[in-house]
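The values are calculated or read from the model by the stated rules, or taken from the named source; none is laboratory data. Treat the numbers as computed from the prediction; the structure is a model and nothing was measured. All Cβ positions, even for glycine, are placed from backbone atoms using ideal geometry, and neighbour counts span all protein chains on display. For the accessible areas, the whole protein counts, side chains as well, though only heavy atoms, and no ligand, DNA or RNA atoms are used. Shrake-Rupley method; radii C 1.70, N 1.55, O 1.52, S 1.80 Å.
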Number of protein chains: 2
Amino acid sequence: MDQATLIAKLTGAVGADYIHTDPVALRAYNCDALTIYKGQPSAVVLPADTEQVQQVVRLCREAGVPLIPRGAGTCLSGGATPAPGGVLAVFVRMNQILEIDYENHLARVQPGVVNLHLSRETLPRGFHYAPDPSSQMACTIGGNAAENSGGAHCLKYGMTTNHIQGMTVVLASGDAVRLGSDGDEAPGLDLRGFFIGSEGTFAVTTELTVRLTPNPEGVRTMLACFKEVGDACRTVSEVIAAGAVPAAMELMDRYTIEAVEKVMQAGYPKDAGAVLLIELDGLPSSMRPLEALIHGICMRNACASFRAAQSEAERDSLWMGRKRAFGAFGAIAPAYYCLDGTVPRSKLAVVLEEFDRIAARYGLRITNVFHAGDGSLHPNVLFDDRVPGETARAVECGAEVLRACIRAGGVLSGEHGIGIEKKREMRDQFDAATLGIMERVRDAVDPEGIFNPGKILPGGDVEFPLAGASQPGGVARMAAAFSK
Amino acid sequence: MDQATLIAKLTGAVGADYIHTDPVALRAYNCDALTIYKGQPSAVVLPADTEQVQQVVRLCREAGVPLIPRGAGTCLSGGATPAPGGVLAVFVRMNQILEIDYENHLARVQPGVVNLHLSRETLPRGFHYAPDPSSQMACTIGGNAAENSGGAHCLKYGMTTNHIQGMTVVLASGDAVRLGSDGDEAPGLDLRGFFIGSEGTFAVTTELTVRLTPNPEGVRTMLACFKEVGDACRTVSEVIAAGAVPAAMELMDRYTIEAVEKVMQAGYPKDAGAVLLIELDGLPSSMRPLEALIHGICMRNACASFRAAQSEAERDSLWMGRKRAFGAFGAIAPAYYCLDGTVPRSKLAVVLEEFDRIAARYGLRITNVFHAGDGSLHPNVLFDDRVPGETARAVECGAEVLRACIRAGGVLSGEHGIGIEKKREMRDQFDAATLGIMERVRDAVDPEGIFNPGKILPGGDVEFPLAGASQPGGVARMAAAFSK
């Protein structure tokens, strides 16, 4: 099938109002929030339902053209950046909450539902959708499933995979099948769990059944400030080792504090080497002894100041600093590259020191703001994308940071996925036998490689050009827009 | 390679003291706790370490002989019943707790470690291993991983897959690879999650890194008795709908109460139609309002009596009745067939009525004792295996019970796996496209079908003969030994 025929048939499938083929319009879709790599699609389609997705899948397979699903495009590892010439399926029209079953704590949603919209809908009835990525105001539940997204409160509540019971997906054959179930369990091989986090390389998801979580009876948010980041790290490790599981435990280092306080008054002391934002939830009576325990551990680790938010407004302000941290980096650097890796909690302090040494070697700065409780790091390489060669240097610096995580017993990705960004480093993480099994399984699910090629696994012939220094709009600016 | 050469080489691999080939000795391994189906192995090997497992895998592949891993043999769906003529690898020698990392809440164990032994080891330090199948005194963590086992406290704490971070497995190629990680996250395709629950059909697990869970500050165990089982079911549904998540919520019906009280004094009132065993955990101050809420819901649903255990001894006695329920069925029937299916909590009452009608049609009795909180049912078909044809009738009755679960929106298996038992019914649960994907993925992981053939997926040419009525030792007797 030639390009013109494919476009004509796609137009027939989704309707003329719901397909873009104009190169200028398509430029808006040539990357996700990892703007370093670009891939220009040949068409963007906006399907309305599962049947239309099935038609689009069949057409792309017949034409031998890649199909790439895209939610809000907030992915930070290039998961939604199209293989050049591919067809991008965007789910803005499939954004309905189809059913809420409060009795069984479940909601049936379309993939384009914005993460936060589901919680807004269910909060008045005493429930929310627990996974809360920083981009939750924009990102979609379908995208979250593709990336197995995390968030600040995943320390206590678990990642996206723990909150999705069932999915309808369209396979490469064009068949729509149901994975998982509407209950807590599903028999046979766990395809549901295996498809979650496959970054759109296995199938296109067209419906999800997700768990709703009862709202906590109360919340207590604390800010602990430290002179030395190492003391903050040790505090995190000791709190968890003591058996406490806060709802969230976030660490921001000195550069992050500087950036945040430049753009807003979050109330973080400017001379601190690190702050910990710790949140408990539950009954007030159950939080009190936990707070005392945590306070004690902070003090033993040379905590310079410790306070708990006394009002909803103060709590919001403490969190706002954390949630806007990524955007705030724009105040201290022209561009930044947000990484994502994990290390055992007990290794946090040594790894952060290692990052400083790596940054110095590259003549760049690395800031850290991350989910400390689960050892899930977000080192950010600050750079100037207008300086020729500096983007490439930031990318290399980032790769070295990830290898340092692996050496410390950690992994390449906590919650942002592998995408384009880290597929080369998959060889540092896994041996050939493991990568071979991943490849064989992927090929079994999608034998012709139609779905989102060039992602996750190293090798293959899809290339994504690195954005040149001359390109307007740096890494930071687009990512920042979605990271607030 | 002929049979004699294979045996000789296996003997070389594991040592002459650790291989059985005598047909009489092998009879002890011809089934697991689902004793309806039998399969006589050609050899049983007891490997000592990963290297020996690698050798055994390579030899079996070379000889084209199936390899079946076996933990304690407590599986209730035939997962460890060998394909006739296969080699069974039993993990009794690989039963060491290799390392306990209290700081990161992790333990590294060999697959043959008995579930309860890990908790016994860690309890004094304030931790336990949360998944608690009824067979936890005997079953192994490797077997739990293969079946993704549940247990009474999985309502609050999640199934086995939520508690295993990483695994070393030996693939069909003989390569030993590491899946998952020692942290909370693992990048790339989630092979860890996908291999868990694959019932030994993908690989042989030789090491596991599992999560340790902090012991709760306190525990409160309540017994609520109802005249009508429907009222108990509605109570379960309303407790969960109210947003409460007890640590456990178990339902026993009238026949189960009768059986338990025949063999021990658990303190269940003999005239009750159903009892609910409800356990809360946490701080006393957080449990008090929850207990009041649950008590209120019970009373609104015609609860005849409600009491909370006032001592550790009383708590143990309440639980002992539940834990010995399966064994107690021996007091009211010569044999029983323990099923495992799930339904949405809101359908519990109607499904139990449907089971009664099905049992009546087959001239049999069905008792129910199950994890009500997550809608995970264990209907038990009571029968007399000495009556010709009654075993086959019980099997047919069981299949109809499972189809009733599926019709009610539930699934074929909550926690016992599919094994041999339910592979035929997989066609009732899944359409051809879904089964096709499962098959393709399995074939990609194990191209020659070496590992545990004849399990999970329907079709294939491995046959497991149904045990005749003349065979000594009924379904109940062996299963009961492991279900205490």
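Which residues, taken from segment A:132-170, are hydrophobic (A, V, I, L, M, F, W, C), open to solvent by 20 Å² or more (accessible area, probe 1.4 Å), within 24 Å of A:L191 (Cβ to Cβ) and outside any loop (DSSP other than H, G, I, E, B)? Reasoning before the result, please.
We begin by selecting, within segment A:132-170, every residue hydrophobic (A, V, I, L, M, F, W, C); these are A:137-139, A:141, A:145-146, A:152, A:154-155, A:159, A:164, A:167, A:169-170.
Going one step further and asking which of them are open to solvent by 20 Å² or more (accessible area, probe 1.4 Å), we end up with A:137-138, A:146, A:155, A:159.
Checking which are within 24 Å of A:L191 (Cβ to Cβ) leaves us with A:146, A:159.
Across segment A:132-170, the qualifying residue is only A:A146.
If I filter segment A:229-243 down to residues being of a type in the set (G, A, S) and buried (at least 20 other Cβ atoms within 10 Å of the Cβ), which single residue comes out as nearest to the other protein chains (Cβ to nearest Cβ)? Per the criteria, the residue is A:S237.
Mind checking whether some residue in segment A:372-385 is under 30 Å from B:A107 (Cα atoms) and away from every other protein chain (no Cβ under 14 Å)? Yes, because at least one residue in segment A:372-385 is under 30 Å from B:A107 (Cα atoms) and away from every other protein chain (no Cβ under 14 Å).
Applying the condition of being part of a helix (DSSP H, G or I) and within 27 Å of the chain's Cα centre (by Cα) to segment B:14-38 and asking which residue is nearest to B:T168 (Cα to Cα) yields B:L26.
State which residue is nearest to the other protein chains (Cβ to nearest Cβ) when the search covers only segment B:156-183 and only residues that are of a type in the set (D, E, K, R) and over 22 Å from the mean Cα position of the chain (by Cα). Don't jump to the end; show me each part of the working.
The first filter runs over segment B:156-183 and keeps only residues of a type in the set (D, E, K, R), leaving B:156, B:175, B:178, B:182.
Remaining after also requiring over 22 Å from the mean Cα position of the chain (by Cα): B:175, B:178, B:182.
On the way: B:D175: 4, B:R178: 7, B:D182: 6 Å.
For segment B:156-183, the residue satisfying everything is B:D175.
Would you confirm whether any residue within segment B:294-313 is under 19 Å from B:K227 (Cα atoms) and modelled with pLDDT under 90? No, segment B:294-313 has no match at all. Regarding segment A:85-96, can at least one residue be identified that is of a type in the set (V, I, T), open to solvent by 20 Å² or more (accessible area, probe 1.4 Å) and out of contact with any strand residue (DSSP E or B) (no Cβ under 7 Å at 6 or more places or on another chain)? Looking for residues that are of a type in the set (V, I, T), open to solvent by 20 Å² or more (accessible area, probe 1.4 Å) and out of contact with any strand residue (DSSP E or B) (no Cβ under 7 Å at 6 or more places or on another chain), one finds at least one in segment A:85-96, hence yes. With respect to being under 24 Å from B:P187 (Cα atoms), in the same structural domain as A:G193 (by TED's automatic domain parsing) and open to solvent by 30 Å² or more (accessible area, probe 1.4 Å), A:Y129 falls outside the description. The lone criterion from (1) more than 11 Å from chain A (Cβ to nearest Cβ); (2) modelled with pLDDT under 95 left unmet by B:D428 is number (1).
Within segment B:268-306, the residues that satisfy the criterion of being within 23 Å of B:G151 (Cα to Cα) and part of a strand (DSSP E or B) are B:A274, B:V275, B:L276, B:L277, B:I278, B:E279, B:L280, B:D281.
Being open to solvent by 40 Å² or more (accessible area, probe 1.4 Å) and of a type in the set (A, V, I, L, M, F, W, C) is the filter; apply it to segment B:265-306 and report the residue that is farthest from the other protein chains (Cβ to nearest Cβ). Selected residue: B:A304.
When the residues of segment A:247-265 are narrowed to those that are in contact with a helix residue (DSSP H, G or I) (Cβ under 6 Å, 6 or more places away or on another chain) and not hydrophobic (A, V, I, L, M, F, W, C), which ends up modelled with the lowest pLDDT? It comes out as A:K262.
Of the residues A:A444, A:A394, A:A399, the single one that is over 18 Å from B:R178 (Cβ atoms) and at the interface with chain B (Cβ under 10 Å from one of its Cβ atoms) is A:A444.
Taking the conditions exactly as written (open to solvent by 40 Å² or more (accessible area, probe 1.4 Å) and within 14 Å of chain A (Cβ to nearest Cβ)), does B:P246 satisfy them or not? Write out each step before concluding.
On the way: open to solvent by 40 Å² or more (accessible area, probe 1.4 Å): no; within 14 Å of chain A (Cβ to nearest Cβ): yes.
It is false that B:P246 is open to solvent by 40 Å² or more (accessible area, probe 1.4 Å) and within 14 Å of chain A (Cβ to nearest Cβ).
Residues in segment B:117-143 that are among the β-branched types (V, I, T) and within 14 Å of chain A (Cβ to nearest Cβ): B:T122 alone. Of all residues in segment B:423-435, those satisfying the criterion of being touching a strand residue (DSSP E or B) at 6+ places or on another chain (Cβ under 9 Å) and either open to solvent by 20 Å² or more (accessible area, probe 1.4 Å) or in contact (Cβ under 8 Å) with a residue 12 or more places away in the chain (or both) are B:Q429, B:F430, B:D431, B:A433. For B:Q265, the conditions (1) assigned to a helix (DSSP H, G or I); (2) without any contact (Cβ under 8 Å) to a residue 60 or more places away in the chain all hold with the exception of (1).
When the residues of segment B:184-222 are filtered to those that are more than 7 Å from chain A (Cβ to nearest Cβ) and assigned to a helix (DSSP H, G or I), the one that is most open to solvent (accessible area, probe 1.4 Å) is B:R192. Taking the criterion of being farther than 24 Å from B:K38 by Cα and outside any helix (DSSP H, G or I), the residues of segment B:420-443 that qualify are B:F430, B:D431. B:A25 meets the stated requirement of being more than 29 Å from B:L98 (Cα to Cα) and modelled with pLDDT under 95. In the set (1) closer than 27 Å to B:E353 by Cα; (2) free of Cβ contacts under 8 Å to residues at least 40 places away in the same chain; (3) of a type in the set (K, R), B:K323 fails one condition alone, (2).
Candidates are the residues of segment B:5-32 that are touching a residue at least 60 places away in the same chain (Cβ under 8 Å) and among the hydroxyl-bearing types (S, T, Y); the one that is least open to solvent (accessible area, probe 1.4 Å) is B:Y29.
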